[in-house]
Amino acid sequence: MSNTPLYCEKIFPVFPWDEIDVVLLDMDGTLLDKHFDDYFWEQYLPEHYSLSQDISVAQAKKQLLERYHKVKDTLDWADLDFWSRELGLDLQELKMRINHLIGVHPYVIEFFEFCLQSKKKLYLITNAHTQSLSMKLQKTAIGPWFDRIICASEVGAAKEEPAFWEKLENTIAYDKQRTLLVDDTEKVLFTAREYGLGYLLYVARPSSRSRVQYSCNFPSIEYFKELLPR
Ligand SMILES: [Mg+2]
């Protein structure tokens with residue numbers, strides 16, 4: 001879901017790479033084009049819901065938006081089983097039908113290579129449901145780049161919740177002050193900052209179809225190219 005537009009000047013990222021051992025990367029919007037998710041939730045699913053409920057697409061959109069809002073920032077939001085039950089539709093099947101829209105953002109692989117060469121530990125940390133995650137990993141083949149892939153459902157809280165960050169310490173060993181988190185959700189970055197994570201970076205172009213919007217609070221990038229040595 002898009003946030004209220006508010007224009008801010010770009011804060012350019014300057015990271016002391018020697019002081020960063022661990023890089024935590026969000027998946028949807030950060031590494032992968034969020035156009036797939038936006039299209040699915042905002043267009044494709046409402047169309048199917050309107051057919052199944054015999055209501056207009058506009059009504060379906062309105063009803064779904066209200067439902068989305070109720071579980072925003074919780075694990076239910078990303079839980080395909082939850083939505084399949086709630087809506088009486090097979091969301092996994094619907095997502096599969098448009099999986100050609102799943103794509104990796106430009107320069108992501110080059111950034112993985114940079115992290116590997118500079119001996120950073122690389123973790124994918126995502127709120128995505130295990131079914132969505134495996135579909136995307138299958139489609140994009142980015143899985144092998146990571147030391148480990150961590151689902152919020154495995155940790156027991158969404159990344160927006162402070163509990164996620166406390167519990168993550170039981171899942172992976174890392175020095176939070178020597179860790180960089182990259183995410184396209186500002187609320188996640190705020191929660192991580194509160195917890196004491198050392199370095200935070202916002203992705204200002206999560207979808208190839210929407211305009212760039214810089215964070216007013218964190219350094220931003222449009223492409224991972226900006227983090228690569230010249
Ligand atoms: Mg994201």
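What follows draws every value from the coordinates through simple rules; no lab data is involved. In this text the structure is predicted, and so the values were computed from the model without any measurement. Cβ sites come from the backbone with ideal geometry, for glycine too, and all protein chains shown count toward neighbours.
Take LYS72 and decide whether it is more than 30 Å from LEU228 (Cβ to Cβ), within 16 Å of the ligand (Cβ to nearest atom) and surrounded by fewer than 15 Cβ atoms within 10 Å (Cβ to Cβ). Yes: the conditions hold for LYS72. Each residue in the stretch 75-101 was checked for being within 22 Å of THR140 (Cβ to Cβ) and within 19 Å of the chain's Cα centre (by Cα), and 12 pass.
Scanning the stretch 100-138 for residues that are of a type in the set (Gly, Ala, Ser), touching a residue at least 12 places away in the same chain (Cβ under 8 Å) and surrounded by fewer than 21 Cβ atoms within 10 Å (Cβ to Cβ) returns GLY103, SER118. Might you check whether a residue that is within 13 Å of the ligand (Cβ to nearest atom), of a type outside the set (Phe, Trp, Tyr), assigned to a helix (DSSP H, G or I) and closer than 27 Å to SER134 by Cβ occurs anywhere in the stretch 37-55? Yes, because at least one residue in the stretch 37-55 is within 13 Å of the ligand (Cβ to nearest atom), of a type outside the set (Phe, Trp, Tyr), assigned to a helix (DSSP H, G or I) and closer than 27 Å to SER134 by Cβ.
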